[in-house]
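Structure first, then comments.
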Amino acid sequence: MTSPSSASASQETVRSGVSPHHSSLRHANPSRVTSRVLFLLTAWLIVLMPFLFWWSTWFGRPLSDEQIGEYLHVEKHPRHIQHALVQLGDRMARNNDAVKRWYPDIARLAGHPVEEVRNTDAWVMGQDSANPAFHDALLKMLQDHSITVRGNAALSLVRFGDASGRAQIVGLLESASITAPGAGRVLDIDKAGTAVHQGGLIAKLGDEQRTIEVRSPIAGRVQKPTVAPGEAVTQGMQLAVVAPAESQVWEALRALYVLGLPEDLPAIRVYQHESDDSSSRVRQQAVLTEQAILERAKRQP
């Protein structure tokens, strides 16, 4: 039975708004409270930091005119330049004439030392097929040492009605042979079926003095490694074969639909058959591209 004094104490506690079961919190260990706060803060930072990184590097994040002007000249941060270029490309696609004040910068960046910047720039220049400066810059980019830059330049030239890059476009359909840049022993190598991005690590070679990282010049998928871990290789020896990414093949087939020639058909027919390297969309486009090429050939005298 509850004593009157206990009952009155409980009633007083309820009136004061504090439950008898939680009154002990007043006497909680400060170190435990601090630990709990630090745990919650750490968990919050774990969620926040990846979001902030994504937000700062996401090319879809809108930029003001002032930011675009600034980013185009930040040589220490190539991704800032890419971000500005992507934003300009989107505006050009919407026929925003205000973008033209940055055209000299866009043409200038065709010679940027960073491959990713040149690659993005080649795509952007294709958004305005009436600009002669862009046309001239794209023609020069057909000689770029990067496969993807040459390919993007060729694809953009198609928008100008220029077939000068047809050979480079056919090259986009071909697998890339990955060779050893130097002699050594294979420390590690990707397995067949591994997806890689452009510049992604394919293999590691080592000798007594250093470790050599071998990277893919294209985005795609490892078709087959031709060496195994522990195997000794010499400079120029093939290490693996990388099949091009579907998006690259798709764009190349669409371009060849417009300007392809009969001699391009062997490279196109590879993608007409069901395999791990071609989706149904790619296979259908390969068939349509062949049909378009044959129809053009019939009409020619």
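Every number here is computed from the coordinates shown, using simple stated rules; none is lab data. All values reported here derive from a predicted model rather than from experimental measurement. Because the Cβ atoms are built from the backbone with ideal geometry, glycine has one as well, and the counts that use them run over all protein chains shown.
How large is the Kirkwood hydrodynamic radius of the range 176-243, in angstrom, based on all distinct alpha carbon pairs? The answer is 11.5 Å.
For residue 224, list the lysines whose Cα falls under 20 Å from its own Cα; do not include residues on the same chain fewer than 8 positions away. Residue 224 reaches 191, 204.
With a cut-off of at most 11 other beta carbons within 10 Å, and DSSP calling the residue loop, which GluC sites (Glu not before Pro) in the range 224-289 qualify? Please list them. Filter output for the range 224-289: 274. Over the range 130-217, the ratio between the Cα radius of gyration and 2.2 N^0.38 Å evaluates to 1.43.
Shape analysis of the range 74-126 yields a ratio of the Cα radius of gyration to the Kirkwood radius, Rg/Rh, of 0.94. Within the range 222-287, the ratio Rg/Rh, alpha carbon atoms throughout and Rh by Kirkwood, equals 1.12. Remark: C-alpha extents of the range 99-257 on the principal axes read 55, 34, 21 Å, sorted largest to smallest.
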